[in-house]
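Structure, as structure tokens:
The values are calculated or read from the model by the stated rules, or taken from the named source; none is laboratory data. Values in this document were obtained by computation on a predicted structure and should not be read as measured data. In this analysis, Cβ positions are derived from the backbone assuming ideal geometry, glycine residues included, and neighbour counts consider all displayed protein chains.
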Amino acid sequence: MATEEHAKYRPARIEPKWQKFWDSNETFKAEDESDKPKLYVLDMFPYPSGAGLHVGHPEGYTATDIWCRYKRMRGYNVLHPMGWDAFGLPAEQYAVETGTRPAETTAGNIINFKRQIQSLGFSYDWSREVNTTDPKYYRWTQWIFLQLYKKGLAYLDEIAVNWCPELGTVLANEEVIDGRSERGNHPVVRRPMKQWILRITEYAERLLNDLDDLDWPEGIKEMQRNWIG
């Protein structure tokens, strides 16, 4: 009969043991060749623009982790990767605030973010870890842009944009609140600038129609409809 001492759950002792086992045995690695039914579950990659995770990260990751573990137990070959959305304003602003080079802060933050995520025991396939600042990754985003350009789906035009002088960049409508930037609360002005444009309108009807076939919450689908126009 187990004593009360042995019956206690001791995460500091138990969790590292199994996390090390999962890592060394690649327990959650998706099989490249398999007859099992496939499931691809992609979380929103975090911005490594701070010293560590906030509570919103594990809140969402816990839900997808439960789903992935359940589907594995049901015989699915689950692809569940993790990565770092490391380009853009969040990383740049963090570097400005801390007075360090973006490459240095991003690399250090990724190390800490990964340590924290692994310590929570999520079942990610780390063999497919993605870093958007890695040339081996963004060369493919450049390649995709070239294909769009060759097909006439990317073109230059002068249009009115949300310009933030303090941040030195153009902002999406969703990043502007009452004439100020969501990040940093800086003034934003409308001005004409030459921009690369993607002909999303070429696919607007198809995108709108296909939304009806998605098993998504209606509120999310309505948001997509408003973005498509």
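Some points to look at:
- Yes/no for L171 being in contact with a Lys or Arg (Cβ under 9 Å, 6 or more places away or on another chain) and assigned by the TED database to the domain that holds Q224: no
- The helices (runs of 4 or more DSSP H) found wholly in the stretch 1-117 and carrying at least 2 residues that are closer than 26 Å to V170 by Cα and either touching a Cys at 6+ places or on another chain (Cβ under 7 Å) or among the hydrophobic types (A, V, I, L, M, F, W, C) (or both) occupy 89-98.
- Considering the stretch 146-174, the residues that are touching a residue at least 24 places away in the same chain (Cβ under 8 Å) and under 22 Å from P90 (Cβ atoms) include one that is surrounded by the fewest Cβ atoms within 10 Å (Cβ to Cβ), namely P165.
- Identity of the residue in the stretch 181-227, part of a strand (DSSP E or B) and either in contact (Cβ under 8 Å) with a residue 60 or more places away in the chain or among the hydrophobic types (A, V, I, L, M, F, W, C) (or both), that ends up farthest from V96 (Cα to Cα): L198
- For the stretch 57-115, filtered to residues that are closer than 29 Å to R139 by Cβ and among the hydroxyl-bearing types (S, T, Y), the residue that is modelled with the lowest pLDDT is Y94.
- In the stretch 124-142 there is at least one residue matching the filter, namely being of a type in the set (G, A, S) and either within 30 Å of G168 (Cα to Cα) or part of a helix (DSSP H, G or I) (or both).
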